[in-house]
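Peer 1: The following block contains the structure, expressed as structure tokens.
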Amino acid sequence: MKNFDRSVVGIGVLADPVRRQLYQFVCSQDQPVTRDQAAHAVGVARHKAKFHLDRLEAEGLLEADYVRLTGRAGPGAGRPSKRYRRGRSEFAVAVPARDYELAGHIMADAISESARTGTPILEALSNAAAGRGAAIAGGGGDRPPSADAALDLAVRILTEHAYEPRRIDRTVVLANCPFHALATGRRELVCRVNHSLLQGFVDSIAPDLLDARLEPGANRCCVTLAALPGDRHGHDSAPASSAAEGTMRTI
């Protein structure tokens, strides 16, 4: 999933109890805090607070600026003090990987469309999911020339979106559901959304080569991706070509 390594490192920084206390103190204040203030609040030496605060800043959990606390400027005003505040970066790790933010965007898009146009909410959900699927496919580059290439591309892209895709011959099975918790008690609705999303994805990368099929199974996503029969540029074309060549040689 995107930014997984970065999030793991960022959250791992908070494993140190002193660092975690300093982070929580900074976040609880309505104004940026200095090293002296943080050290006093947590009860550690200033140099120790400095070390941990700077590490939190380096990993993006805190941000910092410099100000002269005396309010004076020019010679004799003293050195500016470094102040810390909560960073704007977000860190989240789920194992297995989930993507509830994506589900939230789909729901928000659908509600907005339904309120604006009067589209029935289930139809709006399908439209919103298909649009998000197309957006996911947007980073795939040029369209693949064959079903084999399309399956490989799907695996590469969907790996970054929590699906844990696994290719089995001419099919891609998605071993993980990014919306697992939502599907509990709402399986039909979530599977409908997921199918629309992946159909939008397929229609963007290889509409004539792949199909998104709603095939619920145990311990996996409800959708599979399959190569369409009659792929003129993939496996199916080789036997026909060989047969044609054989006929020409016979003639």
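The values are calculated or read from the model by the stated rules, or taken from the named source; none is laboratory data. Being a predicted model, the structure only gives us computed values, none of them experimental. All Cβ positions, even for glycine, are placed from backbone atoms using ideal geometry, and neighbour counts span all protein chains on display.
Peer 1: Being under 29 Å from the mean Cα position of the chain (by Cα) and among the small types (Gly, Ala, Ser) is the filter here, so list the residues in the stretch 27-68 that pass it.
Peer 2: Within the stretch 27-68, SER28, ALA58, GLY60, ALA64 qualify.
Peer 1: Of the conditions (1) at pLDDT 95 or above; (2) acidic (Asp, Glu); (3) under 26 Å from PHE4 (Cα atoms), GLU123 clears all except one; give me its number.
Peer 2: (3)
Peer 1: Follow-up. Please identify the pairs in which a residue from the stretch 51-68 that is outside the structural domain of GLN24 (by TED's automatic domain parsing) has its Cβ atom under 8 Å from the Cβ atom of a residue that is at pLDDT below 95 and part of a loop (DSSP other than H, G, I, E, B), counting only partners at least 6 apart or on another chain.
Peer 2: none
Peer 1: Just to be sure I understand, how many residues within the stretch 98-107 are over 13 Å from LEU189 (Cβ atoms) and in contact (Cβ under 8 Å) with a residue 12 or more places away in the chain?
Peer 2: As a first pass, look at the stretch 98-107 and keep what is over 13 Å from LEU189 (Cβ atoms): 98-102, 104-105.
Still in the list and also in contact (Cβ under 8 Å) with a residue 12 or more places away in the chain: 98-100, 102, 105.
The total comes to 5.
Peer 1: Based on this model, can you work out whether GLN24 counts as over 27 Å from the mean Cα position of the chain (by Cα) and either not in a helix (DSSP H, G or I) or not aromatic (Phe, Trp, Tyr) (or both)? Before the answer, list the steps.
Peer 2: Values: over 27 Å from the mean Cα position of the chain (by Cα): no; either not in a helix (DSSP H, G or I) or not aromatic (Phe, Trp, Tyr) (or both): yes.
In short, no.
Peer 1: What's the number of the only condition in (1) surrounded by 12 or more Cβ atoms within 10 Å (Cβ to Cβ); (2) over 30 Å from ARG220 (Cα atoms) that SER28 fails to meet?
Peer 2: (1)
Peer 1: Could you tell me whether the stretch 116-129 includes any residue that is closer than 18 Å to ALA206 by Cα and not aliphatic (A, V, I, L, M)? If you could, list the steps in order and put the result at the bottom.
Peer 2: So the first thing to find is which residues in the stretch 116-129 are closer than 18 Å to ALA206 by Cα, and the list is 129.
With the extra rule that they be not aliphatic (A, V, I, L, M), the set shrinks to none.
No.
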